[in-house]
Amino acid sequence: MRYPFWRVSVFIAAAVWPLLWLYQAWAGVLGPDPGKVLVDRLGLGALVLLLITLSFTPLLKLTGWAGWIAVRRQLGLWCFAYVVLHLSGYIAFILGFDWSQLGVELRKRPYIIVGVLGFLCLLALAITSNRYSQRRLGAGWKKLHRLAYGVLGLGLLHMLWIVRADLKEWAVYASIGALLLVLRLPPVARRIPRLIAKKTPSARKA
Amino acid sequence: MLIKVPKSSDCHESDVTPESLYLSRRNVLGAAVAGLAVSSLPRWASAEDAARYADVEAGSAPSWFAEKLPSTKWGAVTVKDEAITPFKDATHYNNFYEFGTDKGDPAANAGSLKTEPWSVVVDGEVGKPGRYALEDFMKPYQLEERIYRLRCVEAWSMVIPWIGFPISALLNVVELTSKAKFIRFETLQDPKTMPGQRSGFALIDWPYVEGLRLDEAMNPLAILAVGMYGRELPNQNGAPLRLVVPWKYGFKSIKSIVRISLVSEQPKTTWQSIAADEYGFYANVNPAVDHPRWTQARERRLPSGLFKPNVRDTQMFNGYSDEVASLYTGLDLRKNY
């Protein structure tokens, strides 16, 4: 395996946050409504992880360092893991395991529907993230994994509907997301300069 | 500013230093320094009364408040068999968007709010309009402690011991004209001390505005509060003067009031202006009418632990049906949410 130290560092950096938050909730640092705080942080964490994941292709083009791509799948899976925790937290702490209410929410609330759609797309990506699926799906795999852009849109919409009075934070994430998507437009992508001249073989490009 | 009334200010100057200690302590210093600061405060009436509730941070009460507090009617309204929310939670989990949109922002940022001197404008359809210094404004009123449930539209709730007086007492003093049909309240607008008002991305058109129908305001449960937990209001809870309407969602209970107007038309309230389909003028607590984005059937009574979530059913009019349901006979509460 290439870049073992880099991979392990990324693993630890992504794993440490939910553990820290759980500890904080247990220690009472998160205030009187720790469940809600956990759900919010996990949701935002998933969005940040998705943005980081999507920044690695442009970074590869800029720097030519293959290490970006070496951890891209891992980070995508971390994003999925955060979303799973976010969803579990919502069911446990917000709905209090009231499954009939979950049915109502799924039918009636647009932001829940959008969130669940995003989750289902991520689920499809997570299931097909292994080498076997890559071989099996061939060229279709790349097309399928462009769903990540759709997930980003759904995630941002999901967040926009929750923000109620001040769009500043949302605007920051949305602009970063928009920038990352613009960098993928072929005319723009072709013009991304290589800052570091060294040529490296890139196994996969998205 | 340079000329001070000796009687009231002598006592106050000595309290200014502990106030700054109190603020820096909240942000920076640990519990040890907190203990030191509290023990170095002069012993006075409010310190004793604060001891009615556990772990209440001593503040520095304005002199008019300290003078009125001893004659407060304690426990004038209470809740049965429901625990009072810890002071720390009631003061560190707040919606007060003038100081930021996170629940912890008001506690962190509201130290900049200057509540002394404070004046309140009373205008509109009244016989005695004017601008009153808060100590004069407060003179006619007998303080009462009202322990109320507070239900936020976001589906969490608390139980808080307020200190205040019924709005009806105010309305008797200001001499309403026959045209007065609604009462409108306005929060301070001061971007210098209110960071939320400086945000260029805020959807709120400051200042924050709320209102009640006149008969709602006359209901004995509706109060203007100046204190909580046996002391004056902490800044983040809407010092020095706020509304408390326990049968309505929390956002109706406007904070840090600088203007009270009696008007003939239904006032346009802040949240109505932002999202009329989500936040109505009435905003009565109603488990049968969902918020478009979440259910109102249940609520998280705070503190709600991670492994012991304190989720309970929301009551019609937040449990105050007996007192207020008659205000709304014949009104379709689904349409008038």
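Every number here is computed from the coordinates shown, using simple stated rules; none is lab data. Just so we're clear, the structure is a prediction, and the values are computed from it rather than from any experiment. Ideal geometry is used to build each Cβ from the backbone, glycine not excepted, and the neighbour counts take in all protein chains shown.
Only the Cβ atoms of Lys and Arg (+1) and of Asp and Glu (-1) were treated as charged; on that basis the dipole of region A:4-190 about its Cα centre amounts to roughly 980 debye.
Counting every other Cβ atom within 10 Å of each residue's Cβ, B:254, A:91 order from fewest to most as A:91, B:254. Given contacts defined as C-alpha pairs under 8 Å and at least six residues apart, what's the relative contact order of chain A, whole-number percent? Relative contact order of chain A: 27 percent. Using C-alpha pairs below 8 Å separated by at least 6 residues, the relative contact order for chain B is 17 percent. When a/c is below 1.5 the answer is rounded, else prolate if a/b is larger than b/c, else oblate, so apply that to region B:176-244 with a ≥ b ≥ c taken from the square roots of the Cα gyration tensor eigenvalues. Oblate, because a/c is 1.5 or more while a/b does not exceed b/c. Taken residue by residue and averaged, Cβ atoms of other chains lying within 10 Å of the Cβ of B:298-308 number 5. Only lysines eight or more places from residue A:168 in sequence, or on another chain, were considered; those with a Cα closer than 18 Å are B:103. Note on the protein assembly as shown: Kirkwood radius taken over Cα pairs, Stokes-Einstein applied at 37 °C and 0.692 mPa s, translational D equal to 125 µm² s⁻¹. Report the local net charge at residue B:183: Lys and Arg +1, Asp and Glu -1, summed over other residues whose C-beta lies under 10 Å from its C-beta. Neighbourhood net charge equals 0. Packing here is the average count of other Cβ atoms within 10 Å per residue, and on that basis the peptides B:162-168, B:71-77, highest first, run B:162-168, B:71-77. Specify whether the C-alpha gyration tensor of region B:130-263 places it in the rounded, prolate or oblate class, a ≥ b ≥ c being the square roots of the eigenvalues: rounded for a/c under 1.5, otherwise prolate if a/b is larger than b/c and oblate if not. Cα axes put region B:130-263 in the rounded bin.
For the residues of A:86-96, the average number of beta carbons from a partner chain within 10 Å of their own beta carbon is 3.
Please report, to two decimal places, log10 I(q)/I(0) for chain A at q = 0.10, 0.17 Å⁻¹ as given by the Debye formula with identical point scatterers on the Cα atoms and no solvent. Relative scattering, expressed as log10 I(q)/I(0), comes to -0.49, -1.30. What you get for the protein assembly as shown, charging only the Cβ of Lys and Arg (+1) and of Asp and Glu (-1), is a dipole of about 4120 debye around the Cα centre. When the chymotrypsin sites (Phe, Trp or Tyr not before Pro) in region A:49-153 are filtered for DSSP coil states and for at most 14 other beta-carbon atoms within 10 Å of their beta-carbon, the remaining sites are A:97.
What pairs in B:80/B:128; B:68/B:268; B:192/B:252; A:108/B:252 have C-alpha atoms more than 29 Å from each other? Over 29 Å apart, Cα to Cα: B:80/B:128; B:68/B:268. In summary, chain B shows an alpha-carbon radius of gyration equal to 0.97 times the 2.2 N^0.38 Å reference for compact globular proteins.
Does region B:201-337 come out rounded, prolate or oblate, given a ≥ b ≥ c as the square roots of the eigenvalues of its C-alpha gyration tensor, rounded meaning a/c under 1.5 and, failing that, prolate meaning a/b above b/c? The shape class here is rounded. About its Cα centre, the dipole of region A:92-160 is roughly 480 debye, where the only charges are +1 on Lys and Arg Cβ and -1 on Asp and Glu Cβ. Ordering B:96, B:221, B:240 by the projection of their Cα atoms onto the charge dipole of chain B, which places +1 on the Cβ of Lys and Arg and -1 on the Cβ of Asp and Glu, puts B:96 at the extreme positive end. Here's the picture: charge each Lys and Arg Cβ at +1 and each Asp and Glu Cβ at -1 in the protein assembly as shown, and of B:303, A:8, A:117 the one pushed furthest to the positive end of that dipole is A:8.
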